[in-house]
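Some notes on the structure that comes next.
The values are calculated or read from the model by the stated rules, or taken from the named source; none is laboratory data. Note that this is a predicted model, so its numbers are computed, not measured. Here Cβ is always computed from backbone atoms with ideal geometry, including for glycine, and neighbour counts include all displayed protein chains. Areas reflect the complete protein model, heavy atoms only, side chains present, ligands, DNA and RNA absent. Shrake-Rupley method; radii C 1.70, N 1.55, O 1.52, S 1.80 Å.
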Amino acid sequence: MTPEPDSPRGFVPVSFQDGTWKTAAGDVVPWYEVQTDLVPDSEVQGALERVLSVYGVSDVVVDAFDQFRKELKQPTEDSSPSPSGGGQGGG
């Protein structure tokens, strides 16, 4: 089966800079043309609460997820993602 010729859609990576969405070349893209795979915070929080309540996890796990939420909402200014992971080793 061949793709529909009248729907030439593609994906162009964009980033949010200076209050606008821009392509790598610096072209401004209107916000209504930008599609993301981000899920609203309220949906994520609701799903997390449902999963934790359904599986009846221990208080230790619930506390760990609470701490995880706090860490996500307050990133440090000087932190940057490390491609190597940068976490502590374990096993």
Completion exercise
Taking the range 25-57 and the residues there that are assigned to a loop (DSSP other than H, G, I, E, B) and among the polar types (S, T, N, Q), the one that is most open to solvent (accessible area, probe 1.4 Å) would be GLN35
Exercise for the section: Could you grab the pairs with beta carbons closer than 9 Å, sequence gap of 6+ or different chains, first residue in the range 44-60 and within 20 Å of LYS73 (Cα to Cα), second one open to solvent by less than 90 Å² (accessible area, probe 1.4 Å) and not in a helix (DSSP H, G or I)? Expected result: ALA47/VAL39
Problem - Given (1) in a loop (DSSP other than H, G, I, E, B); (2) at pLDDT 85 or above, index of the condition GLN67 fails - result: (1)
Exercise for the section: Write out, first by first residue and then by second, each pair whose Cβ atoms fall under 6 Å of each other, whose residues are 6+ apart or on separate chains, and whose first residue, in the range 28-40, is within 11 Å of PRO13 (Cβ to Cβ) while the second is modelled with pLDDT under 85. Expected result: none
Exercise for the section: Evaluate the following for GLY10: is it surrounded by fewer than 11 Cβ atoms within 10 Å (Cβ to Cβ), in a loop (DSSP other than H, G, I, E, B) and modelled with pLDDT of 85 or more? Expected result: no
